[in-house]
1. Between the DSSP loop rule and a limit of at most 11 other Cβ atoms within 10 Å, which chymotrypsin sites (Phe, Trp or Tyr not before Pro) in the stretch 236-335 are left?
2. For D215 paired with T173, estimate the spin-label separation in nm (one decimal), with each label point 7 Å from Cα along the Cα-to-Cβ line.
3. Could you tell me the relative contact order of the stretch 4-196? Use alpha-carbon pairs under 8 Å, at least six residues apart, and round to a whole percent.
4. Give me the one-decimal Kirkwood hydrodynamic radius in Å for the stretch 227-332, with the sum taken over alpha-carbon pairs.
5. What's the angle, to the nearest 10 degrees (0 to 90), between helix 4-19's Cα axis and the longest principal axis of the chain?
6. Which length gain, in nm to one decimal place, applies between D245 and Y321 when the Cα-Cα distance is subtracted from 0.36 nm times their residue separation?
7. Classify the stretch 4-196 as rounded, prolate or oblate, taking a ≥ b ≥ c as the square roots of the eigenvalues of its Cα gyration tensor: rounded when a/c is under 1.5, otherwise prolate if a/b is larger than b/c and oblate if not.
8. Kindly provide the helix-only [θ] at 222 nm of the chain, computed as the sum of -39,500 (n - 2.57) over DSSP H runs of four or more divided by all residues, to the nearest 500 deg cm²/dmol?
Amino acid sequence: MVSKTKILLIAATTLAASTGVQAGDVPITAENWTLTEKGAEFVTHKGRMSIKLNRGGAELTGKTFKNGIIEYDVSMKEARGFGGAYFRVQGEDAEYFYLRPHLSGKPDGNQYVPEFNGLSAWQMYHGNRYSTAVDYNFGDWIHVKLAIKDNKMDVFIDSEKPVLHVDNLALGTGAGGIRLGGALQDFYYSNINVTYTDDVMLVGEAMPLKEEAPDLIKSFTVSTKPVSSKDVEAKFTLDPALLKDQKWMTLAVNEIGAANLARISGRTSDANTLFVKMTMNSDTAKTVFLKYGFSDRVTVFLNGKAIAYGNDTYVTRDYRYLGTVGLFDSLFLQLNQGDNEVIFAVTEGFGGWAFLAAMADVPGVTLS
């Protein structure tokens, strides 16, 4: 009996011969794959030449991918871990689809997520629009196929039909590299095949977006130079010197209604906080109601004085708490007559650097 994997390889070879597209196996050799210094090696696994990754990566050497098909077999244990393929890699920006073997059969057993400036946004891109339940066959090689066309992707996992369709790849349609990754357990990759072509037919359907919150604010003014959370957290007033040399950018929200602050900047363990600024002009002194959400921590300042603090970091509340993002917090802002400056100092710890807010129109109050 001819295996499903063999049929896929024959089909890819036939397509290349008939259309002139670039397609074929990618041999697992040092000529084709650049491995990280640690956590990556070439090995024989289950009788195949493989790339073994655990806290390491393997980059396809000298190739640029925009549209086409990425296929590979992966072997992994039913244990906690994260492993998959990055594509359209440009520096520290990438699209990423990965498996969570410890969540086999669960709604979040895998996930599509973008990375900007080396920061994953998985706490934003959660739910059945970006993940799907698949029972993994841990006793054999698992075949993964990513069919990518412009800003859309079909995902196949040991299947003839897509198990997931991503309708809006966050990085857009630019080209970039391909990289494999794996962490927290050993992931073995073999039988890797890449087809480079714009002639990709996608057949999957995306799950619908959640209904947009009423009065959602669609863009924010964000600082571009991260500061240390130590300089804003547990402070009763905001030091004006932290704002003095800042440059500011307008950042639109993504399809879930949140601003991904990692699009502005990366962060270090010390410089891990960006400012989101709102100016509210009020014709008289009055109180307005604002809903907001963030990841991972926030200190809120009104006219330079701290009025709220929150910590939604992963597993801070209990071991099941994911730190996902939504309009879970709210404030009553006591505005003075004239301009009022509201500053949200948003600190990133792990899994996404996000901010969102919603505020109903209030007569006599303008927001900028």
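1. Working: sites: F236, W248, F275, F289, Y292, F294, F301, Y309, Y314, Y319, Y321, F328, F332; in loops: F236, Y314, Y319, Y321, F328.
Answer by residue number: F236, Y319.
2. Taking the two extended label points, one gets 3.8 nm.
3. Working: 478 pairs, mean separation 60.0, N = 193.
Across the stretch 4-196, relative contact order equals 31 percent.
4. 15.6
5. Orientation of helix 4-19: about 90 degrees from the principal axis.
6. Values: separation 76, 0.36 × 76 = 27.36 nm, distance 3.66 nm.
Full-extension gain reported as 23.7 nm.
7. Values: a/c = 1.18, a/b = 1.06, b/c = 1.11.
Judged from the Cα gyration tensor, the stretch 4-196 comes out rounded (a/c under 1.5).
8. Working: 2 runs with 20 residues, N = 368.
Helix-only estimate at 222 nm: -1500 deg cm²/dmol.
The numbers here are math on the coordinates, done by the rules we state, and not lab data. Note that the structure is predicted; figures quoted are calculated from it, not measured. All Cβ positions, glycine included, derive from the backbone under ideal geometry; neighbour counts span all protein chains shown.
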